[in-house]
Structure formats: structure tokens, C-alpha cells
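The values are calculated or read from the model by the stated rules, or taken from the named source; none is laboratory data. Keep in mind that this is a model prediction, so the values were computed, not measured. Reconstructed Cβ throughout: ideal geometry from the backbone, glycine too, with neighbour counts over all protein chains shown. Ligands, DNA and RNA are stripped out before the accessible areas are found, and what is left, the full protein with its side chains, is counted by its heavy atoms. Shrake-Rupley method; radii C 1.70, N 1.55, O 1.52, S 1.80 Å.
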Amino acid sequence: MASLSVKPGQRFTLPDWQNNSILISADAEQQRYNSHHIRQEGRALRNETGNQARWDEHNSRTHLKDRIACVDKWREALARCLTEIDLEIDALTKVKEAAENAIQAKNLCLDVAIECLTLRESRRDIDVVRDPVEEELLREVQVIEKTKKELQQRVDDAFRQLCLLKEARQQVISDHKHKVEALELDRQCMSFNPTSGNISFKVNPTRIPDGSTALSEWEQNSRCNKERAEAEIKASVDLRGAITLSIAQTNNELDAQRIATEFALRKRMRDMEAALNELRWQEQNTLDEIAEMEEEIRQLEEDIRKRTLDLKVAHTRLETRTYRPHIELCRDQAQYGLTDEVQQLEGIIRALQQKRTESQDALDALYRQLHRIRTDIGYKTNSLQLDNKCMDTRRKLVVSVEKFEPEVDAVNRTRDLPRKSQLEL
């Protein structure tokens, strides 16, 4: 018969087997419970961290959008400010050039005034007088030099203001450029997402970079740049108005002085012509008087000749009667009459000779006076020709060389400038 083989080893009891099954079931349930709890906690953590991450990312994106909007607003403000600065620089440059042209135009006026003074230095003798024309010409030179100095000061002010505008413009350009770069970087940050190919871990990304500034400092810097540019623009607008007004005022002042000078010059020419007419009248009258005086001298000489012949006759009669013989040589009435006649004739001849001498002296004086009149006519004719040359020289100023019409300001910040009619000569 076959025998039953028993597996050697420890034998467990049925309660042990039942307890082992119960223990396994209990452990399985505990593990499942623990696993479920962990799963619930993990799901809650995933939900919480996912929501937090999405919120943080949304918050960061919102902050980026706000920052982009803020920087873009400042960029637009700086861009407008830059446009205004460029327009103002162009407008101030044109006004500065107009002032320089006005100074150049004053050089012509100064040359004309000096040329007139130089021409009038050629006057001779008594005509070299300090008359109102010379005073007005000297005053005109002073007015021109004063206006040139004032305009040159305005040009220097415009040059300094242009330097300040360009300096402010450079700061605005630099600030605008930095903001454009910052906008590009922030917009690039906005474009990043988890699927972007250029994202990676960085070394110490939360560090504070060197040169970082506070938000208030950043905003204050932008505001200062903008306010400084606006202040320089306002100062430039005021200066342009002052320059334009100075050009108009100097032109008006010079025009008034020029009118006064030409009025004095014309009056002087009229006076000179009147004096010339008077001298020519005197010359003609003197010539007439000389002719009459020469005729009178000839008449006197003729009378002297006749009275001399009469005297010769009387002398001859007296001398002839001295040859009467003896008793006939008596002092009769004829002798007395001839003696009285000789004395009368000698007195007449002396008076006629004296009158002839006086007449000759008067004739010589008339000739001297005629020479003086003709010399003075020559002086005054020369002076009148010089004044006519001055008038011809001043005709260069008839064409307005200082006409100024300011350009239309594209920035629309012009002041109450003089009208065009006030700026023309």
C-alpha cells in the first residue's frame, strides 16, 4: 500500500489563517484609505497650485500690460514733446536767421549814413557847418548801431536758447529711446508662454540688477525731461516773439530816424537852393552895379578930361595975358574971372579925381564882393551837389531790405506779433 507523505514544516491553525486573511484585508483597506487621502490631498494641492499659478501669471500679465500702457503713454508724450521741440527749433532758427538778415540790412543803412557824412565832409569854407542834416545823420548812425547791438543781443539769446532746446531734445530723445527699448522687452515678456521655445532656467533671476531705480524716481525723471522741454519751448516762443517785436521796433525806429534825416536833408537842400538863388540875384545885381560904376568912372574920367582942357584954356589965357604991354597989364575983371575960373576948375578936378578914386575903390570892392559871391556860389553849388549825391545814395534804401514776415508756427504757440504792415518799411 502506498503510504501518506506529510510536508515537513510548521503548521498554522485555522484561527491563524483566518486572522492572517483579516489582517491582509485590514492592511489593504488602510493602504487604500491612505492612498485615497494622499490622492485627495494631491488633487487639492494641484488645484490650489494650479489656480495660484494661473492667478500669479494673470497678475503678472496684468502688471505687464499696465506697465506697457504706462510706458507707452510716456513714450507718446515724449514723442509729441520731441515733435514740438523740433518744430520750435526750426521756428527759432528761422527767426534767428531773420534777425541776422536784419543786422545785415542795417549794415547797408549804416554804410549809406557814413557815406553821406563822408560826402558832406567835402564841403568847403563857410559851408562846413554843423547843420541839422549832420546832426540827424550822426543820430541815424547812433540809432543804427544801437539797433544792431540790440538785434545782435537777440541773436545771441536765440543761439543760447537753441543750445538749451537741443540739450533738452537730446534728453528727450534718450528717454524716448529707452522707453521704446523697455516696451519691446516688456512686449516680448508678454509673448512668453509655457510652450515658448526660448524659455529656460536662469541663474539667480530674482536678483536686483545694478543701477535699478525706484518707480517714483523713474516717473520723476520722465516728468522732469518733459517739463524741462516744455519750459524751453515756452521760453523759445517768448524769445521768438521778442525777436520779432525787436525787428519791427528797430525797423520802425530806424524808419523814423531815416525820415527825419531825409526831411532835414531836403529842407537843407531847399535852404541851399534859396541861398543860391539869393546869391545869383546878388551876383546879377552886383554885375549890374559894376557896369554902372564902370560907366560912372568913365564919365568921371571924361569930365576930368574936359575940365582939364578947360583948365588948360584958363591957364593959357592967364599966361597969354601976362604978355600984355605996360599999363595994359592990369588986374581987370577978366583977370579976376580967369583966376576964379582956374581955382574953381582946380577944385572941380580935385573933387572929380577924389570921386573917381572913391568910385574906383567902390568898383574894386564890388569886384571883391563879386568874387566872394561867386566863390560862395561855388561852395553852395558843391554842397548842393553833395547833398544831391547823398539823396542819390539814400535811394538805395527805397527798396525795403528789412522786410520781415515770420513763418507760420506749426506748433501754434505764437504770441501777438506785429502785423505785416508794421514790419514793412
Self-check item: Net charge, Gln152 excluded, C-beta distance under 12 Å - Lys, Arg +1, Asp, Glu -1
Solution: +1
Quiz item: By accessible area of protein heavy atoms, probe 1.4 Å, what ranking do Trp74, Trp281 get, highest first?
Solution: Trp281, Trp74
Exercise. Just round it to a whole percent: the fraction of Cα-Cα distances in the range 144-236 exceeding 18 Å.
Key: 67
Practice problem: Measure of size requested: the Rg and Dmax of the range 137-188, with Cα atoms as the atom set and Å as the unit; please supply both. | Solution: 22.2, 74
Quiz item: With Cβ to Cβ distances under 14 Å as the rule, what net charge do the other residues near Tyr367 carry (K, R +1; D, E -1)?
Solution: -4
Practice problem: With all distinct Cα pairs included, what does the Kirkwood hydrodynamic radius of the range 337-387 come out to in Å, to one decimal, could you say? | Solution: 14.0
Quiz item: Using Cα atoms only, what is the angle between the long axis of helix 14-120 and the major principal axis of the chain, expressed in degrees (0 to 90) to the nearest 10?
Solution: 0
Quiz item: Kirkwood-based Rg over Rh for the range 269-329 (C-alpha set), two decimals?
Solution: 1.62
Practice problem: Kindly give Rg over Rh for the range 164-210, based on alpha-carbon atoms, with the Kirkwood expression for the hydrodynamic radius. | Solution: 1.20
Quiz prompt | Total lysine pairs under 29 Å (Cα atoms) in the range 40-154, excluding pairs fewer than 8 apart on one chain | solution = 12
Quiz item: Along its principal axes, what span do the Cα atoms of the chain show, with the longest given first and each in whole Å?
Solution: 263, 34, 32
Quiz item: Counting only heavy atoms of protein chains, what accessible area per residue, in Å², does the chain have with a probe of 1.4 Å?
Solution: 66
Self-check item: Principal-axis tilt of helix 333-394 within the chain, Cα atoms, nearest 10 degrees
Solution: 10
Practice problem: Work out, in µm²/s and without decimals, the Stokes-Einstein translational diffusion coefficient of the range 213-271 at 37 °C, 0.692 mPa s, Rh from Kirkwood over C-alpha pairs. | Solution: 210
Quiz item: Among all the lysines, which ones have a C-alpha under 29 Å from Lys312's C-alpha, if same-chain residues fewer than 8 places away are not counted?
Solution: Lys355
Practice problem: Mind grabbing the accessible area of Ile199 for me, 1.4 Å probe, Å², rounded to tens? | Solution: 80
Quiz prompt | Neighbourhood net charge (10 Å Cβ-Cβ; Lys/Arg +1, Asp/Glu -1) for Ile85 | solution = -3
Exercise. Give the accessible area for Glu184 in Å² (nearest 10); use a 1.4 Å probe, count only protein heavy atoms, and leave out ligands, DNA and RNA.
Key: 120
Quiz item: What value, in deg cm²/dmol to 500, does the helix sum -39500 (n - 2.57) over DSSP H runs of n ≥ 4 give at 222 nm once divided by the residues of the chain?
Solution: -30500 deg cm²/dmol
Quiz item: Among Val128, Val313, Val143, whose mean-square fluctuation peaks in a Gaussian network model of the chain (Cα, cutoff 10 Å)?
Solution: Val313
Quiz item: Which value in Å is the Kirkwood Rh of the range 205-360 over different Cα pairs?
Solution: 26.9
Quiz item: Rounded to the nearest whole Å³, what is the per residue volume of the convex hull around the Cα atoms of the range 1-159?
Solution: 244
Exercise. Could you give me the radius of gyration and the Dmax of the range 93-208, taking only the C-alpha atoms into account and expressing both in angstrom?
Key: 32.7, 107
Exercise. Heavy atoms only, probe 1.4 Å: what % of the accessible area of the chain goes to carbon and sulfur, would you let me know?
Key: 53
Quiz prompt | Dipole magnitude of the chain about its Cα centre (Cβ charges: Lys, Arg +1; Asp, Glu -1), debye to nearest 20 | solution = 2540
Practice problem: Leaving ligands, DNA and RNA out of it, work out the accessible area of Cys189 with a 1.4 Å probe and give it in Å² to the nearest 10. | Solution: 60
Quiz item: Would you list Tyr33, Tyr323, Tyr379 from the most to the least accessible area, probe 1.4 Å?
Solution: Tyr323, Tyr33, Tyr379
Exercise. Heavy atoms only, probe 1.4 angstrom, no DNA, RNA or ligands counted: give me His63, His371 ranked by accessible area, highest first.
Key: His371, His63
Quiz prompt | Rounded tilt (10° steps) of 215-321 against the dominant C-alpha axis of the chain | solution = 10
Quiz prompt | Sequence-separation-based contact order of the range 277-389, relative, with Cα cut under 8 Å and 6+ spacing, percent | solution = 48
Quiz item: For the range 274-367, what does the equivalent ellipsoid look like in terms of its semi-axes, each the square root of 5 times an eigenvalue of the Cα gyration tensor, given largest first in whole Å?
Solution: 47, 9, 7
Quiz item: Count of lysine pairs in the range 152-243 with Cα atoms under 18 Å apart, counting only pairs 8 or more residues apart in sequence or on different chains?
Solution: 6
